[in-house]
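What follows is a short report on a single structure.
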Amino acid sequence: MGTATFDDAGVYLIAPGMALVQTVDFFTPVVDEGYDWGRIAAANALSDVYAMGGTPLTALQLIGWPRDVIPWEVAGEVVRGGADVMQAAGCTIVGGHSVDDAEPKYGFAVTGLIDPDRITTNAAGRPGDTLVLTKPLGTGVVTTAIKRGACPAEVRDRTVELMVRLNDQAARAVREVGAKAVTDVTGFGLLGHLHEMLRASNVSAEIDVAAVPVIDGAAELLEAGFFPGGSERNLKAVSPFVDDPVPDLRMLVDAQTSGGLLIATAEPDALHAALSEVGVTGWTIGRLTDAPGSRIRCR
C-alpha cells in the first residue's frame with residue numbers, strides 16, 4: 001500500500017503475516033515552548049501509524065535548526081519533548097539527522113509493525129457506515145492565534161493537551177470492533193481527509209455540522225480573524241466537492257496538527273462503547289452514502 005489511495009502511511013509486506021508501516025512528518029513550531037513543540041511533533045508523526053492499525057517500533061528524528069540564531073539548548077528541549085512522547089508510545093528513537101536551516105523544523109520518520117490482515121485504510125468505507133471523530137477541531141486556528149500572541153492561556157493549554165494526546169487508545173478501540181475504514185485528520189482538515197476517504201472508497205458522505213466538535217474558544221478566535229493560510233488553501237480545494245454548504249466551512253477545513261481519528265463503521269454503538277472503555281470520546285458526525293461522485297453534503 002502506498003500513494004495510490006492517499007492513505008496515511010505506506011505498508012510493505014516483509015513476511016507472511018507481517019508487514020512494515022512507514023510514515024514521516026515534520027513541521028515548523030506551532031507553539032512557543034520547545035518542549036511542547038517536540039511532544040506535539042512526536043504525537044503527530046505517530047498518528048499515521050495508528051491510523052493504519054499499526055504499532056510503532058522505531059523512529060528517526062529530523063531536525064532543521066538555525067544554529068546561529070536559536071541556542072542549541074532550545075533544540076535540546078524540543079528533542080526532550082519528542083523523546084518523552086516516543087517513550088510513552090513504546091517507540092525507540094534509533095537516530096536521525098540535523099541540518100543548519102533558516103527556520104526551525106522538527107519531526108520524525110516512524111516505522112511500525114502491522115498485521116496485513118488487520119490494516120485499517122481510508123479505502124474501506126461502505127455506504128451506510130457511521131462517521132465518528134475522536135478529537136475536536138480548531139488546532140490550526142488556535143496555533144495561529146498563539147503565533148500572533150493573541151491566544152488566551154486556557155485555550156492554548158487545552159489545545160496543547162489535545163495535540164499531545166496519542167491516538168493509540170482510539171486505534172485500540174477500532175481494532176476491538178473490527179472497523180476497517182480509518183484516517184487521521186491533519187493538514188488537509190476534516191473535509192479534506194474525508195474527501196480522500198470518499199474517493200478511495202467510491203462513496204459520498206453527509207455531515208451533521210452541528211455535531212462536529214470544536215475546541216472551546218476556537219470558534220471565537222476564528223471569528224476574530226485567526227485562520228491559517230493552509231486552511232485557506234484547504235477551503236479552495238474542497239469547496240467544489242461540497243453540496244449545500246453551510247454559510248461558513250472554515251472550521252471544517254481547518255488544518256489540524258495531531259488531530260483525531262476519523263472512523264467509518266457499521267457498528268457505531270460497539271465503537272462508542274470500545275472508545276469509552278479506553279477513555280476516548282467519540283463524536284458521531286455523519287454517515288457515508290452511495291450517492292455518486294464522492295460528494296460531501298453538509299446539513
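The values are calculated or read from the model by the stated rules, or taken from the named source; none is laboratory data. Predicted model only: the values in this text are computed from it and were never measured. Backbone-built Cβ (ideal geometry, glycine too); neighbour counts: all protein chains shown. Only protein heavy atoms, including side chains, enter the accessible area calculation; ligands, DNA and RNA are left aside. Shrake-Rupley method; radii C 1.70, N 1.55, O 1.52, S 1.80 Å.
Of the labelled options [x] 74, 64, 47; [y] 68, 57, 39; [z] 56, 53, 35, which one gives Cα extents along the principal axes in Å as computed for this structure?
Evaluating Cα extents along the principal axes in Å on these atoms matches [z].
Sort the stretch 193-297 into rounded, prolate or oblate with this rule: let a ≥ b ≥ c be the square roots of the eigenvalues of the Cα gyration tensor; rounded if a/c is under 1.5, and if a/c is not under 1.5, prolate when a/b is larger than b/c, oblate otherwise.
Working: a/c = 2.00, a/b = 1.14, b/c = 1.76.
Oblate.
Under a Cβ-only charge scheme (Lys and Arg +1, Asp and Glu -1), can you give me the dipole magnitude of the stretch 1-106 about the Cα centre, in debye to the nearest 20? Intermediate values should be presented prior to the final figure.
Working: 4 positive and 14 negative charges, 79 e Å.
So the magnitude is around 380 debye.
What FRET efficiency would be calculated for the residue pair Thr281, Glu154, taking the C-beta separation as r and a Förster radius of 22 Å, to the nearest 0.05? Please list the in-between numbers first.
Details: r = 19 Å, r/R0 = 0.87.
FRET efficiency, Thr281 to Glu154: 0.70.
Can you give me the C-alpha center-to-center distance between the stretch 4-37 and the stretch 106-175, rounded to a whole angstrom?
Answer, in whole Å: 13.
Sorted from largest to smallest, which semi-axis lengths in Å does the alpha carbon gyration tensor of the stretch 133-202 give for its equivalent ellipsoid, taking the root of 5 times each eigenvalue? If you can, show how the numbers build up before the last one.
Working: eigenvalues 155, 55, 8 Å².
Over the Cα atoms of the stretch 133-202, the ellipsoid semi-axes are 28, 17, 6 Å.
Just need the relative contact order of the stretch 173-295 here, percent rounded to a whole number, with Cα pairs under 8 Å and 6+ apart. Kindly include the intermediate steps, with their values, before the conclusion.
Values: 163 pairs, mean separation 63.6, N = 123.
Relative contact order comes out at 52 percent.
At a 1.4 Å probe radius, carbon and sulfur cover how many percent of the accessible area of the chain? List each step's numbers first, then the result.
Working: 6710 of 12720 Å².
The computed percentage sits at 53.
Taking only protein heavy atoms into account and a 1.4 Å probe, give the accessible area per residue of the chain in Å². Before the final figure, lay out the partial values.
Details: 12720 Å² over 299 residues.
Here the residues of the chain average 43 Å² of exposed surface.
If you take every DSSP beta bridge whose two residues both sit in the chain, what share of them, in percent to the nearest 5, is antiparallel? Could the numbers behind the result be given before it?
Working: 39 of 54 bridges.
Within the chain, antiparallel bridges account for around 70 percent of the total.
What do you get for trypsin sites (Lys or Arg not before Pro) in the stretch 1-90 restricted to DSSP loop and a cutoff of at most 16 other Cβ within 10 Å of the site's Cβ?
Working: sites: Arg39, Arg67, Arg80; in loops: Arg67.
Hits after loop and neighbour filter: Arg67.
Run the quick spin-label model on Ala15 and Asp117: label points 7 Å from Cα toward the beta carbon, then report their separation in nm to one decimal.
Going by the 7 Å Cα→Cβ label model, 1.7 nm.
Over the chain, what is the relative contact order in whole percent, taking alpha-carbon pairs under 8 Å and six or more residues apart? Each step should come with its number before you reach the end.
Details: 724 pairs, mean separation 76.1, N = 299.
Reported as a whole number, the value is 25 percent.
Mark the label point 7 Å from the Cα of Glu73 along Cα→Cβ and return the residues of the stretch 21-52 whose backbone N is within less than 19 Å of it.
It comes to 32-38, nothing else.
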